[in-house]
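Right, one structure below, let's go through it.
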Amino acid sequence: MNTWTIEGGEPLKGEVSLSGAKNSITKLLVASLLSDEASLFRNVPDIGDRAITQEICEAVGAKFTSVSAHGLEVHTPEFTIDEISTELGNRNRLAIMMMGPLLHRKGRAVIPAAAGGDKIGPRPVNFHLQGVEQMGAHVDVVDGVYIIEADELRGADIELPYPSVTTTENLLMTATMAKGRTTLRNAAIEPEVMDLVLYLQRMGAIIDYKVDRTFVIEGVDKLHGAEHRLMADRIVAASLGAAAVATRGDVFIENAKQRDMLTFLNSLRRVGGKFEVQQEGIRFYRNGPLKAIHMETSVHPGFMTDWQPPFVLLLTQAEGMSVVHETVFEDRFGYVSALQDMGAEVALYDTCLGSRCRFHSRNYKHSAVIKGPTKLAPAEFEVPDLRAGFTYLIAAIMAEGTSTIHGIDHITRGYENLQSSLENLGARISVQK
């Protein structure tokens with residue numbers, strides 16, 4: 001994996017353009033397999049997770065054709081196999097999402113039980129399996145793989161114990177061609193979920209969204225190919241926005257959408273960061289001191305858990321004591337020790353410093369108290385996961401002196417043209433192979 005050397009101490013200034021959302025393209029590529037007709041996607045990001053998902057799809061018969069710099073055609077006239085290899089399944093968490101296409105087109109899905117991806121807490125697939133069992137599938141676990149079989153999937157009334165994004169997306173895809181009506185309650189409603197719903201509707205699906213996190217899906221006999229333009233990546237937008245404010249910079253992010261970032265923008269304003277919504281994007285900057293706040297992560301429309309690491313870094317520069325309560329992933333604060341090594345004053349607690357959440361009394365350190373402002377010192381890091389890695393990168397840019405970051409490939413899984421984008425904003429980066 002690549003190693004970067006960062007010479008820090010300079011603010012980020014300039015312009016950068018967003019590509020399509022990582023958390024959309026991976027699910028959309030899988031959804032395209034529901035049809036034997038070709039689909040065309042635009043605003044496709046050139047990132048590692050897209051490439052891994054493409055390999056998984058190709059393994060079962062999908063054919064990909066690049067039609068432009070960010071245009072991609074997917075065509076799966078037939079499935080060649082009904083099994084995802086353990087090697088592919090371990091590379092990211094998307095293997096379980098193949099459940100719906102495999103069941104509808106082959107009647108059987110064999111999927112590794114182990115899941116790859118970021119180590120930010122267990123992400124079991126029991127919700128996925130319970131949902132498809134309610135739709136008539138039979139699930140066995142044999143030698144570390146799930147064997148899921150169904151002669152016919154039927155609509156069902158499913159209530160999720162927690163509004164999981166991937167479970168919602170998986171069951172939405174699976175329900176599109178199930179016989180009858182599926183009601184999916186307590187579902188996730190993130191913008192990326194709605195991006196998938198829009199694409200499925202263009203394919204011919206019938207999906208109604210009701211109040212109280214409820215989707216109603218009427219099964220159809222067949223889905224066709226469709227053209228779809230991905231939403232811009234709101235996680236990258238927020239990460240770069242937080243970086244601009246944290247470094248006392250001034251960055252315009254082309255294609256950033258206010259409607260997808262309301263909660264982030266409100267929190268940024270509360271802490272003293274500045275933003276300016278323009279026709280083509282959002283400008284982020286800072287012209288004064290930052291102030292401490294109390295906040296907690298939650299499912300949409302709450303403060304997104306993926307926004308949390310760069311925002312905690314931002315709070316190390318705020319005057320006073322800030323509190324951040326993580327309610328989505330129990331191990332999301334694993335990156336904090338590296339910031340502490342740089343001099344950040346962050347204390348972690350296993351109590352709910354906010355509203356009582358599902359991690360209450362479970363000994364997970366899921367609350368943080370941050371004291372600032374703190375001048376960060378350069379350091380040497382090993383990247384543990386995608387979002388933590390970007391936070392380390394910005395911390396290195398903030399710190400005066402030379403920092404070394406190993407495992408940059410973890411970050412490029414989700415950020416397109418990261419080196420050139422940051423260098424265009426003034427970051428000083430040297431790459432070691």
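The values are calculated or read from the model by the stated rules, or taken from the named source; none is laboratory data. The model shown is predicted, which means the values in this text are computed figures rather than measured ones. Please note: Cβ atoms are built from the backbone with ideal geometry, for glycine as well, and neighbour counts cover all protein chains shown. SASA here: full protein model, heavy atoms, side chains in, ligands and nucleic acids out. Shrake-Rupley method; radii C 1.70, N 1.55, O 1.52, S 1.80 Å.
Just one of the numbered conditions (1) over 27 Å from ASN23 (Cα atoms); (2) not in a helix (DSSP H, G or I) is not true of PRO301: (1).
Which ranges mark the helices (runs of 4 or more DSSP H) fully within the stretch 123-235 that have 3 or more residues being within 21 Å of VAL74 (Cα to Cα) and open to solvent by less than 40 Å² (accessible area, probe 1.4 Å)? Break it down into steps so the answer makes sense when it comes.
On the way: elements: 126-134, 165-175, 191-203.
It comes to 165-175, 191-203.
Just to check your reading of the model, which residue among GLY389, GLY426 is assigned to a loop (DSSP other than H, G, I, E, B) and of a type outside the set (Asp, Glu)?
On the way: GLY389 fails: assigned to a loop (DSSP other than H, G, I, E, B).
Exactly one of GLY389, GLY426 is assigned to a loop (DSSP other than H, G, I, E, B) and of a type outside the set (Asp, Glu), namely GLY426.
For the stretch 313-336, residues that are over 20 Å from PRO163 (Cα atoms), modelled with pLDDT under 95 and open to solvent by 60 Å² or more (accessible area, probe 1.4 Å) total 0.
Per-residue answers, yes or no, for (1) of a type in the set (A, V, I, L, M); (2) buried (at least 17 other Cβ atoms within 10 Å of the Cβ); (3) part of a helix (DSSP H, G or I):
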position	(1), (2), (3)
ARG358	no, no, no
SER361	no, no, no
PHE381	no, yes, no
ILE397	yes, yes, yes
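Looking at ASP36, ASP49, which is the one that is of a type outside the set (Gly, Ala, Ser), under 25 Å from SER85 (Cα atoms), in contact (Cβ under 8 Å) with a residue 40 or more places away in the chain and part of a loop (DSSP other than H, G, I, E, B)?
Values: ASP49 fails: part of a loop (DSSP other than H, G, I, E, B).
From the options ASP36, ASP49, the qualifying one is ASP36.
With respect to the stated conditions, ALA31 is surrounded by 22 or more Cβ atoms within 10 Å (Cβ to Cβ), among the hydrophobic types (A, V, I, L, M, F, W, C) and in contact with a Leu (Cβ under 8 Å, 6 or more places away or on another chain).
Mind counting the residues in the stretch 273-285 that are in a loop (DSSP other than H, G, I, E, B) and either open to solvent by 50 Å² or more (accessible area, probe 1.4 Å) or modelled with pLDDT under 95 (or both)? Write out each step before concluding.
If we filter the stretch 273-285 for residues that are in a loop (DSSP other than H, G, I, E, B), which is where we start, we get 273, 279-280.
Adding the requirement that they be either open to solvent by 50 Å² or more (accessible area, probe 1.4 Å) or modelled with pLDDT under 95 (or both) leaves 279-280.
So the answer is 2.
No other residue among ARG259, ARG270 is within 18 Å of the chain's Cα centre (by Cα), in a helix (DSSP H, G or I) and surrounded by fewer than 21 Cβ atoms within 10 Å (Cβ to Cβ) apart from ARG259. Evaluating GLY320 against the criteria (1) on the phi < 0 side of the Ramachandran plot; (2) touching a Lys or Arg at 6+ places or on another chain (Cβ under 9 Å); (3) touching a residue at least 40 places away in the same chain (Cβ under 8 Å); (4) assigned to a strand (DSSP E or B) leaves one unmet condition, (1).
On the stretch given as the stretch 174-183, residues that are in contact (Cβ under 8 Å) with a residue 40 or more places away in the chain and not polar (S, T, N, Q) total 4.
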